[in-house]
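A quick write-up on the structure given underneath.
Just so it is clear, none of the values below were taken in a lab; they were calculated from the coordinates. Keep in mind it's a predicted model, so treat the numbers as computed, not measured. Cβ sites come from the backbone with ideal geometry, for glycine too, and all protein chains shown count toward neighbours.
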Amino acid sequence: MSEKIILNKSVYIKKLKKLINQSDIRLIKDKINHITHSINNNDHVSNGIDNSGEHPDTINISKNYILNELTQIEKTRTIERTKYYIQRLIKSISEIKTNKVNDINLNRWKEYDNIITDSLWLLPKRDSYGVHASWYWGNFIPQIPHQLMLRYTKSGDLVVDPFIGSGTTLLECLRLKRNGIGVELNKEIAKKTKQILKKGEQYITEDELSDTNSAIDYTVKTIVEIGDSTELDFKKLLRKHGFTSAQFLLLHPPYHDIIKFSDHPNDLSAQKEIEGFIAMFCKVIDNISPILDKGRYMAIVIGDKYSNGEWIPLGFYVMNELLKRSFKLKSIVVKNFEDTLAKRNQKELWRYRALTGGFYIFKHEYILLFKKK
Ligand SMILES: C[S@@+](CC[C@H](N)C(=O)[O-])C[C@H]1O[C@@H](n2cnc3c(N)ncnc32)[C@H](O)[C@@H]1O
């Protein structure tokens, strides 16, 4: 997100309201220009802040956002338009408008330039915030849970991930102050993930202490449960940890047998046939769906596979299963993925194979977004 500045809310609203009562457009624009200067120069006195930067009536606002709004006011040609934009700025400073599924302040929607709204996600490299690391083959990049939680959850909501792996979702829960429960079949991995989560908690606490603006007192629970999501009673699991329902479900299943995670008979990656994989996946969906509140979202992150000279559209198979249930498809996001090291070393070979075999080399996976009816 862009640079933030602290403003004294009441001082600003008073200044702007005074301008609304003026009838001379030039005078209004002069005053707006003065405000722009004080913001540009981080002039604490004009911005109504004492030296410590603290004041009971302060707001944290994106510098770019407020400067753009002020420029727009300066560019207006009629007094009606000038006053309309000033009124809009007053509203965006004084009122918070959110919807039911996230904390985005819609009165200041232009401020959220970090949130992706397009269906094509081209993410060049993984975010390395905190204790995130790429030790687990088959993990996803932290930007996936990060972006999804910003769009589909509020602080304090509960996020459940039935294929938690190395805990990427839970580390992002900690960072964004969401509660999180992750289930993992593989005991060894789950143990390691628990340890990483502890380090993550420590990191977040220290990071917060160095960031005076964050809500330090907002505590959330993040839990790793060893279990089989095809058999688990998710309602019981939630009750055990003091929750009654979940507000977001994030599923990142194995892409069938592309990576074999274990030999456990209920490991989705150990299923011999596609039909078996889909059947197991459906069991997880039917187990987990009842805990999701109506009107809230589920995301499935999945890629396709190639087998015996044929493209197997795992993503579309999975999507079709969801459409048979009480879910509305909200988006199909296509996300790029970078080559694995092994594939990078064999780039030429893969090009040759593609040219002779009549196929394209995988460079994308899907994020399927559903809303519970
Ligand atoms: C694609 S990985 C998830 C990676 C995770 N998003 C991360 O960032 O580390 C899928 C995970 O599902 C687990 N898994 C497979 N079958 C399962 C089942 N029946 N119940 C719970 N976990 C399962 C695998 O052990 C593996 O860790």
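Calculated [222 nm] ellipticity per residue, helices only, for the chain: -12500 deg cm²/dmol; basis is -39500 (n - 2.57) per DSSP H run with n ≥ 4, divided by all residues, nearest 500.
Straight-line cross-link partners of Lys14 among the aspartates and glutamates, defined as a Cα under 14 Å from its Cα and at least 8 positions apart when in the same chain: Asp57. DSSP beta bridges fully contained in the chain are about 55 percent antiparallel. Computed extension gain for Leu122 through Lys75, at 0.36 nm per residue and net of the alpha carbon distance, reaches 13.5 nm. Computed from Cα atoms, the angle from the helix 79-94 axis to the main principal axis of the chain rounds to 60 degrees. Compared with the dominant principal axis of the Cα atoms in the chain, helix 143-152 is inclined by about 60°.
Taking the number of Cβ atoms within 10 Å of each Cβ as an exposure proxy, the fewest-first ranking of Ile291, Ile116, Ile259 is Ile259, Ile116, Ile291. Any of Lys100/Lys177; Lys31/Lys83; Lys283/Lys324; Lys283/Lys305; Lys194/Lys221; Lys324/Lys371 with alpha carbons more than 19 Å apart? Name them for me. Where the Cα-Cα span goes over 19 Å, the pairs concerned are Lys283/Lys305. Put in order of Cβ neighbour count within 10 Å, fewest first, the listed residues Tyr317, Tyr84 become Tyr84, Tyr317. Each part gets one Cα centre, and for the range 56-126 versus the range 325-373 those centres are 34 Å apart. Counting neighbouring Cβ atoms within 10 Å and putting the fewest first, the residues Tyr129, Tyr203 line up as Tyr129, Tyr203. Straight Cα distances below 16 angstrom link Lys4 to the lysines Lys63, Lys110, with same-chain residues fewer than 8 positions distant left out.
What is the angle, in °, between the Cα long axis of helix 347-357 and the longest principal axis of the Cα atoms in the chain? Nearest 10 is fine, range 0 to 90. Long axis of 347-357 versus the principal axis of the chain: about 60 degrees. For the range 65-144, the set of GluC sites (Glu not before Pro) satisfying both a DSSP loop assignment and a count of at most 12 other C-beta atoms within 10 Å is given as Glu95.
Working note: Cα gyration tensor of the chain, eigenvalues times five, square-rooted, sorted largest first, giving semi-axes of 46, 24, 20 Å.
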